[in-house]
Structures are given as structure tokens and as C-alpha cells.
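Novice: This is the structure I want to talk about, given as C-alpha cells.
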Amino acid sequence: MTHYVIYFDICAFFLSIVLLIMFFGKKDRHRVHNRIFEILLIDELIMSTADVMSAAMIVSPNALDPTIRAVTSLFNYLYLIPHTMIPVIFSSYIMIMIGYSKKVSKKFMVAFAIPYAIVLGFLLTNPFTGAIFTSSETNPYMRGPFMPLLYLGTSFYVVVAVTFLIRYRNSLPSNKLIPLFCFIVISIIATLLQFIFPKYLIECFFQVLMTVYLLITIENPSELYNADTNVYNRRTFIMDNINLLRNRVKYRLIVIKILNTEYYMTTLGVTAMNEILRDLAQWLRRITSDDSVYDCNNGVFTLLLNEKQSKRTDQIVQYLENRFSTDMMYKSRILTLKTQICQLDVPDDTRSIDGIVTIIDSPGTKEESRVIMLKKDQLNYIQRRRAIEKAIDHALETDAFKVHFQPIWDAKHNKIHSAEALIRLYDDELGYISPEEFIPIAEQNGRIITIGQFVFEEVCRMFTMHQLETIGLNLLEINLSTVQCMHRTLPQIFKNTLGHYSLPPIAINLEITESAAINSQEDFLKTINELHDMGFSFSLDDYGTGYSNATYILSMDFDIIKIDKAILWQSEKSESARVVLRNTVRMIKELGKKILVEGVETREQMEAMVELGVDYCQGFYFSKPVPQQEFIAFCREFNSSH
């Protein structure tokens, strides 16, 4: 009869009790993995208690008494059933941690449960078969022939746990991945040592010890929660979404943005606003499940609904609309929370964490409604905008922007007189992106300053490198955005660049759109005047597209007025438009300005413009915008043959 050393088991027993006290003392333990961890703690307490009791009875003087033997067998069952359940619980815990459990099918669950069901079946029928263990009048505990089956079942779940950890290792940060691996490794080592030295009952102790490690590292809620609102924080939201995306789980997000958070933060104070947001967060927890609510900062909350929960979306949205459609009271003050709500189906609407974060961080809409329901097309616009922003940044980092040139024809001399420099962007993922789409975005996020400098430098480099005046070109035209003009260092930047290429300012003509020309801000006008004093010439671009008025032409000393192509095209369809075009040309000529008509695409249009007396024509009739080398070749051939 073996004499067991039970001190390790006694330590495991008391340690399990301490663990349970610590765990139940936690403020929040309602996530699914918290509940599985709770089952693990209870399982370990039962297992260590039963192991201590059975070992103590086996070595007691009355161990062979029939009653004691029966009680010993009972405790052996209370030990073996929880013991064989630990790898099952731990495997389930890992699947939940990596997010795989949300996509588990019924077939998988059945296959997962079969090995333990077989083991449990042998344990439950053991009183009749003695397959796992038995006792006799001479020995209170003897291993049965099928005892290795328990270790085989355990091995199955260990392999499952290790496989999931390795395959989905990128789903967890290292501070969670390492403790999970350590739990498996130390448990295996402890099991082998106890198998080699059976009298030392160390297995329970080391498993409980590693559970302490899990409690400290993984079950510690401080890094998961927002301290102010007591719901999950932005970091947890991102990690949960990454796991779900990697595991290809379908789910729904409801994003709630309090658009006037900053206003109330200023008027009420930070403490008061945090209290309001905390009450709102707890209300969101009540209308959904506890583990669905995230505070993503700056008055943005998200609800993460699994496939089953998403069936309640309409009901939840109705709750939200009702709540935010009415005023709320805070210490006798009436508050009107302006709110934007949108639904996002993952992965149908987006397949990346970048796309999700873009929706969350995008500015709110400017509608006047108290509750704004964002539509699908608006979501698509937000995601498209973010993708273009990334494409712009990538192009700036890799010099992927290209400058094309569209020739400008001089009607008097029948020569290519100049050209307009036009920026082009082709992205590997998005393909060709029109300037009409990416330029406004670049203006809003400030990248237009860098883009504008890139274009200016490319034009200066080309002008000097190819000595354009030798092939008949007098100047090159560059579009100047309003945002660039607001940049006070722009004149100095241009001056430095011109100096680097030994190029006079007269070689560059700066185009300003009609909408920019009416800008009366002091910085804008000051920059334009400085550039003009340096020797740059100016064109008024797209004349006729806005609220056209001769005052705009007089507001600055423009050298060239560029009539928008829409006026030319419309003049071919309408007599009224022809009158407008004819009188516009006459007025500009009487003001002593040069005239350029855009959008000339046919010989008939070109001849009509010559007849009207315009100075320059630009359009596909001569050439579309082309790359630098193609442009040089075209100009050389055209000017030498005319």
C-alpha cells in the first residue's frame, strides 16, 4: 500500500479557496471567459479536496474497512471526474479567448465532446466494471486496466489546446499567450512527475498555481475596462474585433456617437460629463448583453452583437432612438445629446479592423436632426475616404504620385504655348483615383501642402532639365489650392525651389479657381500678393462655374482667364449659352485679359473659338494630359510642323 505525501494537495486546497475569494471579489466577471474560468476554479477546488480526502483515507489505519473503502472510492470519483474535466475546460477557455467559440458549429461541439463523454462513461460505469480503479480487502485502491484511457482523453484535449494556441497565436498578445502555454507545459510536467513518483501528489498543486498566474495576467480586468464608464475600453474593442475577423465570424456593430460631447465637456466640466457617459454606458449594458458594450473614447460607444443577438437589432435601435430623441436631466439642467447611429455588418460591410476603426473615428455628419441614422452609402463614403487617405500617404512615402501635362495651344501663333501640370494617383489596391476625388480630401487633411510642393518641384525640374523654351514653351501652369494659399511660408518655399533650379518666377503661371478668388481672408490675400510681387503670373481657373461676376476678375491682377469647358459644351446645344459665351469673351477682352477656353475636343470647337478671338485653347483635340516624356515629344513635333 502506497504512502502518499499530501502536503502539496493541502496547499492546493487552500490556494483554491483563496483564488475563489479573489475571483468573486472582482467587480466585473460577466464575460464568457470569466464564467469558464470560474468553472475551472470550482473544478480545481473539488479536485484538490477529493484528492486530499482519498489519499488521507488510503493511508489511514482503517483503510480496509468496507465503509472507509466505499467513502474512499467516492472521493476517488470526485477527484477523477473534475481532473479529467480540466483539459476540456481549458481548451474551451482558449477557444473563447481567441474568439473561435463564436463560429463553432454543432458538429464541432459534438466531436469535441465525444472523447470526454467516453471517459465519463467509463468513470460512471466503473462501480460495475472496475475498469478504471477498484479496491479489495487487501488494497483500498488499485488501478484498473483502462486507467490509461483517462490520460488518452486528457491528451486529446491538450493537443486541441496547443493546436488552437499555435494556429491562432496572432489573435492574442504575448502577455496572454505566454500564460496559456505555461499552464499547459507545467501541467504536463507535473502529471509526468506524479506518474513517475506516485506518492508525491503534486499535480493539483501545480495546476492551481498556474491558475493563479492566469488570474493575475488574463483575468485581471484593469486593462480591459474604461475607468470612467466601467465598460470595455477601445483597446479591448480592437482586440475582440481582430479575433473575430481572423476567425471569420459574422457579427454586427452598432456605433453610437454623441456629437456634442465636447460642448458639454466644456460647459459642464469633465467630471460631470464622465458621470453622464457612465450612466449612458450602464443603460446600454441593460438593453444588450453585458459583454457587448465598449467605450471607444470621445463619446463613442459600440455594441458588438453576435449572430444570435443581431436579431434584436431593430429593437435595440428603437431603444436608442427613443432615448436620444428626448432631453435628459442632469442636476436640474436639460441636456440635448445630438447622436449619430450606424449599423455595420462584419465582414459584409468591411473585412478589416482598419475599416471598422475608420467608421468609429470619422467625424459626425452636419445634419440638424437630433438622432442621425447613418445609411449604407454614407458608410461606404467614410471607408472610401479613409482608403484614399491611406493611398495619398503611401504615394507621398513612395513617390508614387505622377505629374502629367496637358498642352495649351496659342491661337495667334498656332503653337503649343504652355501646358497645365496635373497630378495623377494610381494605387495598387484602389487603382486610378481621380484628382476630383483625392484633392478635396488632401485639402481637408492638410496633405495638399506636401502634394503641391511635389508638383511645383517636378515642374521646375522638368522645365530646367528639358530647356522647354527651346521647343517653344513659354511657361507651365500649376493649380494652387486655397489651402496652399493660406500657408504663410508658401512664398518662401517656392522661392527656395526656384533658386535651386535657377528658374525665374515668370516661367510658372499659378492657377486659382474662381471659388478661391473670392476668398477674402487676410492670409490668403497676403500670400497671393507676395507671390505676385515675386514675379509669378496668375490665371483665374474654371471661370463661369460659380456665381460668376466681373468683380472676381478685378479682385486680383489675373493675366489669363480660363473659361470652363461646361460653357463651351453648352454653347453647342443652346443659343442662350452661345450668347453668354460670346459676351463673356467680349467682356474679358475689353478688360485687357488673355482668354483660354478649356474642353476643346473638336476642330469645329477650335475654329469657333478662334473666330470669337480667344487667345488659347486646351482640350483633347490637341492632347489629353500625358506623362512628361510623351508631352515633350508631342510639343517638339507639333511646334516644328506648324
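The values are calculated or read from the model by the stated rules, or taken from the named source; none is laboratory data. Bear in mind that the values here come from a model prediction, so they are computed numbers and not experimental data. Here the Cβ positions follow ideal geometry from the backbone for every residue, glycine too, while neighbour counts run over all protein chains shown. Heavy atoms of the whole protein, side chains included, go into the accessibility calculation; ligands, DNA and RNA do not. Shrake-Rupley method; radii C 1.70, N 1.55, O 1.52, S 1.80 Å.
Novice: Cross-link candidates for Lys176: which lysines have Cα within less than 20 Å, leaving aside residues fewer than 8 places away along the same chain?
Specialist: Lys26, Lys102
Novice: Given an 8 Å cut-off on Cα distances and at least 6 residues of separation, report the relative contact order of region 441-499 as a percent.
Specialist: With pairs under 8 Å counted, the relative contact order is 49 percent.
Novice: For the chain, find the longest principal axis of its Cα atoms and tell me its angle to the long axis of helix 147-167, 0 to 90°, nearest 10.
Specialist: 10 degrees
Novice: Could you tell me how many degrees, from 0 to 90 and to the nearest 10, lie between the Cα long axis of helix 376-398 and the main elongation axis, the longest principal axis, of the Cα atoms of the chain?
Specialist: Its long axis makes an angle of about 80 degrees.
Novice: What pairs in Lys562/Lys589; Lys103/Lys311; Lys107/Lys376; Lys375/Lys402 have C-alpha atoms more than 24 Å from each other?
Specialist: Lys107/Lys376; Lys375/Lys402
Novice: Which whole-number value in Å² is the accessible area per residue of region 206-264, probe 1.4 Å?
Specialist: That works out to 39 Å² per residue.
Novice: Now, a different point. For the chain, what does -39500 (n - 2.57) per DSSP helix run (n ≥ 4), summed and divided by total residues, give at 222 nm, in deg cm²/dmol to the nearest 500?
Specialist: -18000 deg cm²/dmol
Novice: Here is a further query. Near Leu335, within a Cβ-to-Cβ distance under 15 Å, what is the net charge of the other residues, with Lys and Arg +1 and Asp and Glu -1?
Specialist: +2
Novice: Rounded to the nearest Å, what's the spacing between the alpha carbon centres of region 390-409 and region 593-621? Just the number, please.
Specialist: First find each Cα centre; the distance between them is then 27 Å.
Novice: Could you please state, rounded to a whole Å, how far the C-alpha centre of region 20-96 is from the C-alpha centre of region 109-153?
Specialist: Here the answer is 17 Å between Cα centres.
Novice: Add +1 for every Lys or Arg and -1 for every Asp or Glu among the other residues with Cβ under 14 Å from the Cβ of Ile449, and state the total.
Specialist: -2
Novice: Can I ask one more? Which value, in Å² rounded to 10, gives the accessible area of Ser60 with a 1.4 Å probe and all protein chains present?
Specialist: Estimated to the nearest 10 Å², Ser60 gives 30 Å².
Novice: Okay, moving on. Regarding region 452-536, what are the three Cα extents along the principal axes, ordered largest first, in Å?
Specialist: Rounded to whole Å, the extents work out to 40, 24, 22 Å.
Novice: Also, quick follow-up: Residues with beta-carbon under 11 Å from that of His417, excluding His417: net charge, scoring Lys, Arg +1 and Asp, Glu -1?
Specialist: Around His417, the charge tally is 0.
Novice: A further question on this structure: To the nearest 10 square angstrom, what accessible area does Phe133 show with a 1.4 Å probe?
Specialist: Ignoring ligands and nucleic acids, Phe133 comes out at about 10 Å².
Novice: How tilted is helix 203-217 with respect to the longest principal axis of the chain? Cα atoms for both, answer in degrees (0 to 90, nearest 10).
Specialist: Computed tilt is about 30 degrees.
Novice: What FRET efficiency comes out for Asn529 versus Asn445 if R0 is 30 angstrom and r is the Cβ-Cβ distance? Round to the nearest 0.05.
Specialist: Efficiency computed from Cβ-Cβ geometry: 0.65.
Novice: On the accessible surface of region 7-144, probed at 1.4 Å, how many percent belong to carbon and sulfur atoms?
Specialist: 72 percent
Novice: When 1/r is averaged over all different Cα pairs and the result inverted, which Kirkwood radius in Å belongs to the chain?
Specialist: Kirkwood radius, the chain: 31.4 Å.
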